[in-house]
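A short worksheet on the structure shown next.
The values are calculated or read from the model by the stated rules, or taken from the named source; none is laboratory data. Since the structure is predicted, the reported quantities are computational estimates derived from the model, not experimental observations. Quick reminder, even Gly has a Cβ in these numbers, built from the backbone with ideal geometry, and neighbours come from all protein chains shown. SASA here: full protein model, heavy atoms, side chains in, ligands and nucleic acids out. Shrake-Rupley method; radii C 1.70, N 1.55, O 1.52, S 1.80 Å.
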Amino acid sequence: MSSLATPKKKSVLRTTLLVLPAQVVFRAGEALLPLLLAYWFGRSGATDVYYFAWAVFAFAGSLVFTAFQDSALVPILAEERIDRREELPRLIGSLLSYTWAIGGAIAVAVGLVAMGWFAYRYQGPDFTLAATMVVPFSIYLVAMATRTFFATLLASQHHFVVQPVSSGVGMALNIGILAFGHDRFGVVLVPVAALVGEIVASAVLAWFTLRIVGLRIELGFVRPPALVRFAKLVVAEVGGSAVTRVNPVVDQLMAGLSLVVGGGTMLRYSGDVASLPTSILQASLLPVLLAHLSDDFAARDLEAVRRKVVRAVASVFGILLAASILLYAIRGPLLRFVFLRGEMDVAGVDRMIQILPYHLVGLAPFGVLLVLARAHVAVKNSTIMLSMGVLNTVCNALFNLVLLRAIGLEGLALSTSCVQAAVAVVFWFRFDARLDALKKGVAAAT
């Protein structure tokens with residue numbers, strides 16, 4: 001297929017069902033990794049240092065990778081295929097060139113800031129551990145941006161299976177490195193292994209894009225009109241995501257205030273278990289839904305956009321509600337089976353069993369939030385993301401303060417759930433208003 005070809009489309013449901021087995025098989029390593037980390041490292045001051053460093057760089061990563069991950073690039077490419085197909089190679093090449101240039105500069109800046117913050121926060125061995133993680137985490141940001149760039153290109157062409165395959169290959173290498181080196185190197189090996197896996201996944205996606213799909217890329221720093229439009233939209237998306245990404249950092253800081261040893265680690269592990277159904281959703285349904293909604297919006301079929309969003313919201317809420325009930329019912333045996341081994345202690349697992357239900361309260365609302373966020377992106381309403389990010393972060397901070405004091409560490413999990421429900425409701429009303437405004441604009445134009 002050439003870069004100018006119009007992708008062949010199947011229905012959202014059919015495509016999702018075709019992609020789902022690949023996602024489950026090849027992304028199993030992502031679900032397995034937290035369990036292996038718990039097995040190899042347990043909970044300790046060192047794991048808390050790692051997870052705090054991870055939270056800091058995950059926040060920084062939102063400045064880079066969300067520029068492409070389920071972003072405004074998909075509707076931009078959909079419109080360009082219709083209106084200016086001959087410009088696609090230059091547009092794609094410019095995007096990749098700016099990604100490497102800007103992403104590299106951000107990675108250096110973030111690394112320097114992180115080093116200063118770690119020097120302030122930690123002393124002795126903890127500072128040495130955190131500082132050693134700075135370089136691999138910084139390079140990881142650029143590799144992650146490259147991977148999501150090529151994954152989004154393929155998603156816009158309705159190639160959805162390659163991304164989980166590449167992620168599976170990268171994760172297998174990641175786990176393999178940790179399996180052979182965790183005893184010798186300790187927690188510091190975790191970001192190094194993640195970096196190697198990310199580079200390999202990026203290489204697989206780039207090879208498929210260039211060699212199999214046949215997309216042409218003309219590297220350079222030209223600024224076609226589509227790139228300028230994308231930049232304006234993505235600034236709001238990145239800003240909103242960056243503000244939201246403060247939440248895990250705040251949660252880890254608040255967990256430290258709980259005075260529970262390994263509290264941040266337990267909060268993260270229990271959250272990983274609760275979010276497993278939504279990780280599958282994000283990998284299988286949401287890229288497909290965004291591509292279809294973007295195509296419908298490019299064709300100005302607003303009724304199709306609304307219909308697909310309503311169906312997706314109803315389906316996702318029902319599926320995740322059932323999943324949350326199931327996880328609640330089996331939480332004890334499940335968490336003991338997956339965590340009570342290796343270095344993890346009984347008391348830590350028992351506390352995670354208490355924390356998990358508070359995460360599950362927000363599982364279905366979080367799924368709805370994810371669907372509606374993609375819906376706003378598809379109709380090029382990304383400008384609201386910054387205000388939504390501020391709403392998310394302010395609510396999280398307020399709920400954290402109140403609920404940590406009221407019920408302890410579990411309150412931080414409940415805080416996240418409450419925020420997800422509130423943001424989902426606001427997202428819906430703003431989406432409905434956006435469609436009404438678009439319909440009035442179409443009616444006025446005709």
Given (1) 143; (2) 151; (3) 131, the label whose value is volume of the Cα convex hull per residue in Å³ derived from this model: (3)
Loop-resident sites, segment 65-124, for trypsin sites (Lys or Arg not before Pro), counting at most 15 other Cβ within 10 Å (DSSP): Arg84
Only Lys, Arg (+1) and Asp, Glu (-1) charged, at Cβ; the chain dipole about Cα centre in debye: 980
Cβ-derived FRET efficiency at R0 25 Å, Gln354 paired with Leu321, nearest 0.05: 0.70
At R0 = 22 Å, FRET efficiency that the Cβ-Cβ distance of Phe180 and Val135 yields, to 0.05: 0.55
Dipole in debye (nearest 20) - segment 28-117, about Cα centre, beta carbon charges: Lys, Arg +1; Asp, Glu -1: 180
Dipole of the chain, positive direction: furthest Cα of Gly408, Val187, Leu398, with charges on the beta-carbon: Leu398
Contour excess over end-to-end distance, with Cα ends at Val113 and Arg336 and 0.36 nm allotted per residue: 76.4 nm
Solvent-accessible heavy-atom area per residue, rounded to whole Å², over the chain at 1.4 Å: 42
All-pairs alpha carbon distance profile, segment 120-215, 10 Å steps from 0, percent: 16, 39, 26, 14, 5, 0
Peptide ranges 104-114, 391-401 listed from the most packed, as the mean C-beta count within 10 angstrom indicates: 391-401, 104-114
Where only C-alpha atoms are counted, convex hull volume of segment 323-405 per residue in Å³: 132
Length released on extending from Lys232 to Ala406, taking residue separation times 0.36 nm less the Cα-Cα span: 58.4 nm
Average Cα contact separation per residue, the chain, under 8 Å, 6 or more apart, as relative contact order %: 25
Charge dipole magnitude, Cβ of K and R +1, D and E -1 - segment 166-312, Cα centre, debye nearest 20: 360
Positive dipole terminus of the chain, leading residue within Gly197, Gln420, Met115 (C-beta point charges): Gln420
Sulfur and carbon atoms: percent of accessible area, segment 299-442 [1.4 Å]: 69
Two-site FRET efficiency, Ala347 against Arg211, from Cβ-Cβ distance with R₀ of 35 Å, rounded to 0.05: 0.10
Degrees separating the helix 134-156 axis from the principal Cα axis of the chain, which is the longest one: 30
